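First up is the structure itself, then whatever we jot down about it.
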Amino acid sequence: AARAAALTRRDFPAGFVFGVATSSYQIEGAAHEDGRSPSIWDVFCAQPGRISDGSSGAVACDHYHRWEQDLDLIAALGVDAYRFSVAWPRVVPTGRGPVNPAGLDFYERLTDGLLARGVQPHVTLYHWDLPATLQDQGGWTNRDTAYAFAEYSAAVAERLGNRVASYATLNEPWCSSVLSYEIGEHAPGTRDRAAALSAAHHLLLGHGLAMPEIRRHAPQSQAGIVLNLGPQESASDRPEDILAARQADGRFNRWFLDPLLRGEYPADTWADVGADAPPVQDGDLELIRVPNDFLGVNYYSRGVIGAQGGVLPEGASVTDMGWEIHPQGLTDLMLRLKADYPALPPIYITENGAAFADERSGDRVHDPRRTEFLSTHLSALLQATQAGVDVRGYFAWSLMDNFEWAHGYQKRFGLVYVDYATQERLLKDSALWYQAFLK
Ligand code: GBH
């Protein structure tokens, strides 16, 4: 950590891609414009008590209108790449049916605007904003949603084609299944484990069905998927803690990695879930095991697990989300993926970052803890590449402060500060640090 300040991009392999990331619902606003239909997040935010500050993404960072200045900001950071997501309800407002050309126009402007500035576009097709009309028919618990997703993905890939450097089908299917249908913290907010496992299966099926569509329309683009992963470590060497950690790893990591990279669900976790196991049809796992050009990994923290649940290790420092700051977990995770999955494709870290309450004074925003977080995680990632893990890029989460889901606007992940009253953007010290790192 002491040396991290001296780290520069030249320490990384040639061609390593550095970027920043966002997602549609968290930044765009313009919820009712140009034919966009409501997503499950518009519906969820309207329900009292779901979002801690009672807010929604209806305006967010107003990026839909301010996209040109935002692209200038991205270019000014000196990044190679920008990861954004496409809102399904803009492109296919009925969920499954006619394409809305005005929706695609926006993402085409973004794509061309990035290319004109020398920044690679990296597109995520699903970052949680499912058209609400599909939720009325069960959302991801309905197998038809997987087919609808493949059709929508084809429409995006057809329009944007090879101009996009990479297409990721899904962002973090653990969140869009477990957090959304079992824990109830994300839209649609139900509490039903069988529903969550059914949703997870249909999300993975949607990935398997969308991949050939993307390849057909954008044969020169990279195509893959983004998972949220983290080591799940035992709180002690007591057998009951070791077992609990193994179970947490099964649900959080292997439930997604194993079908994608081995063509099977993990047997131990399958046995654990009993009658809640998902409805897998013949041929599904062959579709899900489709080869990927890359695996996107979002890394925020590890879990330390005891028989009673997750614990915070003594002396741990945490972010404003309460998540432990543990850069070593990123090295450990990379080495573990390489060791356990012979079919592992090249990796991109598609998200890594932290929420901190930053101190603004005049036109400066001091966020030394974010700089420390980013630099120590980059060092940890560098260690993994030096140990032979094929990592091709790193995207900081996030370009700018934005709508942090159930936490509303009270948690700030940005390298760029957003004054929501004026929509003014200010580079935080961490953005200036990243800029210098990239020079
Ligand atoms: C990402 O989700 C999202 O892709 C992005 O939209 C969001 O803004 C960003 O993160 C910040 O939240 O309880 O300590 O073990 C990340 C979701 C965060 C879920 C870490 C699992 C486990 C941390 N993941 N969490 S801990």
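Assorted remarks:
- Which listed residue, of Asp363, Asp332, is away from the ligand (no atom under 16 Å from the Cβ) and either among the hydroxyl-bearing types (Ser, Thr, Tyr) or open to solvent by 10 Å² or more (accessible area, probe 1.4 Å) (or both): Asp363
- Within the range 123-166, the set of residues being of a type in the set (D, E, K, R), open to solvent by less than 50 Å² (accessible area, probe 1.4 Å) and more than 18 Å from Asp192 (Cβ to Cβ) comprises Asp129 only.
- For the range 292-305, filtering for residues that are outside any loop (DSSP other than H, G, I, E, B) and away from the ligand (no atom under 13 Å from the Cβ) leaves 2.
- Filtering Arg254, Arg289 for residues that are among the basic types (Lys, Arg), closer than 30 Å to Arg215 by Cβ and either buried (at least 21 other Cβ atoms within 10 Å of the Cβ) or within 16 Å of the ligand (Cβ to nearest atom) (or both) leaves a single hit, Arg254.
- Within the range 171-284, helices (runs of 4 or more DSSP H) holding 3 or more residues that are in contact (Cβ under 8 Å) with a residue 40 or more places away in the chain, out of contact with any strand residue (DSSP E or B) (no Cβ under 9 Å at 6 or more places or on another chain) and closer than 27 Å to Ala406 by Cα: 193-217
- Only one of the listed residues (Gly315, Gly329, Gly322) is part of a helix (DSSP H, G or I) and closer than 22 Å to Ala235 by Cβ. That residue is Gly329.
- Counting the residues of the range 1-28 that are within 16 Å of the ligand (Cβ to nearest atom) and either at pLDDT below 95 or not in a helix (DSSP H, G or I) (or both) gives 6.
- Test: residue in the range 178-196 that is under 20 Å from Leu260 (Cα atoms) and among the hydroxyl-bearing types (Ser, Thr, Tyr): no
Residues checked against (1) under 21 Å from the mean Cα position of the chain (by Cα); (2) within 30 Å of Trp433 (Cβ to Cβ):
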residue	(1), (2)
His32	no, no
Ala46	no, no
Tyr82	yes, yes
Arg90	yes, no
Asn100	no, no
Thr111	yes, yes
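The values are calculated or read from the model by the stated rules, or taken from the named source; none is laboratory data. Every value quoted in this text rests on a predicted model; they were computed, and no experiment measured them. Here the Cβ is made from the backbone with ideal geometry for all residues, glycine too, and neighbour counts use every protein chain on show. What goes into the accessible areas is simple: the full protein's heavy atoms, side chains included, and nothing from ligands, DNA or RNA. Shrake-Rupley method; radii C 1.70, N 1.55, O 1.52, S 1.80 Å.
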